[in-house]
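Just below is one structure, and these are the notes that go with it.
The values are calculated or read from the model by the stated rules, or taken from the named source; none is laboratory data. Because the structure is predicted, anything quoted here is derived from the model rather than measured. Cβ atoms come from the backbone with ideal geometry, glycine included; neighbour counts cover every protein chain shown. The area values use the complete protein model at the heavy-atom level, side chains included, leaving out ligands, DNA and RNA. Shrake-Rupley method; radii C 1.70, N 1.55, O 1.52, S 1.80 Å.
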Amino acid sequence: MFILASSASSWAKILSPEEAKLFLEEIHQKQHMQSFWSFWKVENLVTKEASFYEVAFIKEKGILWRNLGEENLLFIDSEGWRHVINLKENREIATYPAVCPFEFLDPDNLDALLDNYLIEMQSGSIAFVSRETQKVQKVLLLDKEHNVKGVFNFSPQGEALSIAQLVYIDFSPDTNQLAQLNTWSVKNPYPEEPGEKDRKEKYPLFFPPGFKLKKVYKIVENGRIWHYLVYTDGLYFVSVFYNPFPFLVEKRLFFLNSVSRYLKKGTTTLVKEEKGHYFLISGPFQEEFLKNVLQLFSSLKSR
């Protein structure tokens, strides 16, 4: 299966956009139809490291998970925000924007996804193939009822990064199984900034290839105003943080990036500070792509 996932198969059926949208909506509905409790094995194919996760879906709360190597930390995904709970100390220790690793499809992004990717269907799997590069970017392994039982993740360049495999799932978990996971209620710290008109005036709406602005948040912390922007092509996400107001500091320009971080984690982070304007851009791309994105935000300094 891994060999098939690494390249487009000559006998795979390419779904039409209409067929693909209906099929992907069905897969998403299957995952969210009822509460469940499960275990997953996630293997980093670059470092050969493996981790095991307890993952639960509670209809009233969303997806919760914890690494069995760090059982005191509970992660809760809520509307694009990740909440980190220290169960031993019984307190929330961090909240930050992130994509849930166990949320396989976002129904709000399907139109963008189908604009940028072909959906190839094989027996027991579907592959997402970039229309631009013709490289397989993600493969979902499915059971006979179209429940997701495994996920291959690739870099935009087609490098195999990781595989997640379902080890066990219970669609009728008892209260004891969910008790420790179900005691927390979380609140997202910052609302989405309203107004499509404001977005068009303030922020770049697009950057190639195929990314569109999905969400904008305004964050006020310690007297500083930050903007958090999320762009997506339907499959990948790029996060942009910036502070649009200058501080009286000496001009500095620096980039934080390492090839080893990209290869191990599948993501790159660039940080730029110039004339007091601070930018942080993060996404599953190599440095040159994110540098080009960064240039689009240089005009924001004068607004």
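A few points about this structure:
- Charge tally around Gly124: other residues with Cβ under 12 Å, Lys/Arg +1 each, Asp/Glu -1 each, net 0.
- On the basis of the beta-carbon distance and an R0 of 22 Å, Asn292 and Glu103 show a calculated FRET efficiency of 0.20.
- Partner aspartates and glutamates whose Cα lies under 17 Å from the Cα of Lys291, excluding those fewer than 8 positions away in the same chain, are identified as Glu273, Glu274.
- Charging the Cβ of each Asp and Glu at -1 and of each Lys and Arg at +1, and nothing else, the dipole of region 67-183 about its Cα centre rounds to 300 debye.
- Extension gain, Lys41 back to Lys88 (0.36 nm per residue minus Cα-Cα distance, nm): 14.5 nm
- Calculated FRET efficiency for the pair Asn72/His146, C-beta based, R₀ 25 Å, to 0.05: 0.10
- Where the alpha-carbon atoms of region 1-147 are placed on the principal axes, they occupy 54, 34, 30 Å, in descending order.
- Calculated FRET value between Thr133 and Ala50, using beta carbons and R₀ = 22 Å, to 0.05: 0.15
- In order along region 41-53, the Karplus-derived 3J(HN,Hα) couplings, from 6.51 cos²θ - 1.76 cosθ + 1.60 at θ = phi - 60°, round to 9, 10, 10, 7, 6, 8, 8, 6, 8, 10, 10, 10, 10 Hz, and Gly and Pro are given as x.
- Once the 1.4 Å probe is applied to the protein heavy atoms, region 113-176 comes out at 46 Å² accessible per residue.
- Charge tally around Asp108: other residues with Cβ under 14 Å, Lys/Arg +1 each, Asp/Glu -1 each, net -4.
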